[in-house]
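**Q** Quick one: the structure is below, questions incoming.
Just so it is clear, none of the values below were taken in a lab; they were calculated from the coordinates. Quick caveat, the model's predicted, so the values are computed rather than measured. When we count neighbours, we look across all protein chains shown, and the Cβ atoms used for this are built from the backbone with ideal geometry, even at glycine.
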Amino acid sequence: MAEEIHEPIDRSGAAALALLAMMPFVDLGLLLESPRLGAAGAPFLVAYFVFCWPRLARVAKVMLMIALVLALVAMFRPGGVDLLAMAASRFTFLPAFIAMLSLLRAAADQSKTTAEAGALLVRQPPGRRYLALTMGGHVFGILLNLGGLALLIDMTRKANTLEAGFGDPNVVEIRTRRMTLAVMRGFACIALWSPLGVALNLLLTLVPGLSWFDVAPYGFVAALGFMGLGYIFDRMEYPAPTRPPAKGDDHGGLRAVGILIGHIVLLSAITLVVEVITVLSFQAVLVNVVPLYALGWLLMEQRANPRAEGAGRFVLNAFRSGINRWPTQANEISIFAASGVMGVVLAALVPQEALSQAILALGASAGVLAMIITAIVLVLGVIGVNPLVSCSILAATLSTMTLPLSHANMVLALGGAWTIIIGFGPMLSLMVIVSGLVGRQPREIAFLWNGRFSVVAMVLWMIALYFIRI
């Protein structure tokens, strides 16, 4: 008898299909405000993790196991079915959101403006380069998420040659440090306000009755403050050089940067307008607007490129490249999914009345409570607890209590803590990614490169929170 030949399973393709099959359930759950509909997509997400299991990091596997245990605990509580449905809907939302952002990234990848803007930012003279790369890290991060961070840092690494450093290795080392910190600090500020950022979207889903517009204007001002503080530190640590900067034609690059900023403004405006004129939640609007915007962007790129293939094939190939990224984002998606479950279930398990009374007994003002919340996230982040987890639990738990601190103030405090700690926690994912890109140890970047800035940012943010009232 001929020996049977078993074809190996295409795990990546199967994982992408599983995630794609989840999308309609998440979308309908958001549109109809039905957690059970969103929860119906959970089995497909579980299948995605099964197919991606070999590529998951240990921390991702541990978090998924904890989420599973908590889901089982939720089943046996009073009202367990509703609690489990809510947890499962949160389990699926952020993975769906990340998947939609991959389509937006696919559109940005097809645009020449992305590379042109990046090249312009890298070749700025030292004084302007820091500001340019900080804003670049912010803008690229909003549009491309971690891919934008990696793209800019990789471009700075390639541009930072010994020749560009006047043959001086010390100049190359200083440029590596300055450019890396500029990109990283700009990227971190996304957590405070961006409608396309995971951080604020996660917090808004966990805090009932709060909209993006309740927090974002204050978060945007705070983001500018953090980026400005970074610039001050850069100028203090590295005075203006005496060597003349390299010259280049900036006209095309400036136009490219303007186009990318225009995309962010337009996409944000469309999302807000649709939210205002409909009864849909911000998350429901975003999950639907992002892929449609990506489609429009691709069609514009196709029309502008006379050598491009037909519109249908051009869009299909671009979206296929975005979908093909989904399995490679398994670690990111698993941590986000598990955090959603943990926030919902742990908030239900906490004795809320007793905890609320204990907090009120402290007699702490709203400002002091905001400072305490921030300190908890920062301390946990330094020892390796991802702000996705700590912020999820705090937001879901505290939002159900009667406290002197408003929900908007709480989310702003958590967003600021998130911004600071991802650049200071050596065991957190951002630091691990950056360290791999620049060939340095995470502790060196977190403590030696970014330590003084982070400590000052912590102190100033705590002082600001004491006075801010939203």
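**Q** Longest exposed-loop-site-free stretch of the chain, with chymotrypsin sites (Phe, Trp or Tyr not before Pro), DSSP loop and at most 13 other Cβ within 10 Å?
**A** Here the longest segment lacking exposed loop sites spans 167-470.
**Q** How high is the relative contact order of segment 345-470, in percent, counting Cα pairs under 8 Å that sit 6 or more residues apart?
**A** Relative contact order of segment 345-470: 31 percent.
**Q** Taking square-rooted eigenvalues a ≥ b ≥ c of the alpha carbon gyration tensor, is the chain rounded, prolate or oblate, where a/c under 1.5 means rounded and, failing that, a/b exceeding b/c means prolate?
**A** oblate
**Q** Here's another thing I want to ask about it. Provide the FRET efficiency to the nearest 0.05 for the LEU72-ALA115 pair, computing r from the beta carbons and using R0 = 30 Å.
**A** So the FRET efficiency works out to roughly 0.05.
**Q** Explain nothing, just the number: dipole magnitude of segment 161-220 about its Cα centre with +1 on each Lys and Arg Cβ and -1 on each Asp and Glu Cβ, in debye rounded to the nearest 20.
**A** 60 debye
**Q** Please identify every one of the trypsin sites (Lys or Arg not before Pro) in segment 293-332 that sits in a loop by DSSP and has no more than 14 other beta carbons within 10 Å of its own beta carbon.
**A** Those that pass, being in a loop and sparsely packed, are ARG307.
**Q** Projected onto the charge dipole of the chain (+1 at Lys/Arg Cβ, -1 at Asp/Glu Cβ, origin at the Cα centre), which of LEU19, GLY425, PRO327 gives the Cα projection farthest towards the positive end?
**A** Of the options given, the answer is GLY425.
**Q** Shifting gears a bit: So how much slack lies between GLN357 and MET401, counting 0.36 nm per residue of separation and subtracting their Cα-Cα distance, in nm?
**A** Difference between extended and current length: 14.9 nm.
**Q** Rounded, prolate or oblate: which one fits segment 99-237, using the alpha carbon gyration tensor with axes a ≥ b ≥ c (rounded when a/c is under 1.5, else prolate when a/b beats b/c, else oblate)?
**A** Here segment 99-237 falls in the oblate category.
**Q** How much length would be gained if the chain were fully extended between VAL459 and ASP154, taking 0.36 nm per residue of separation minus their Cα-Cα distance, in nm to one decimal?
**A** 106.6 nm
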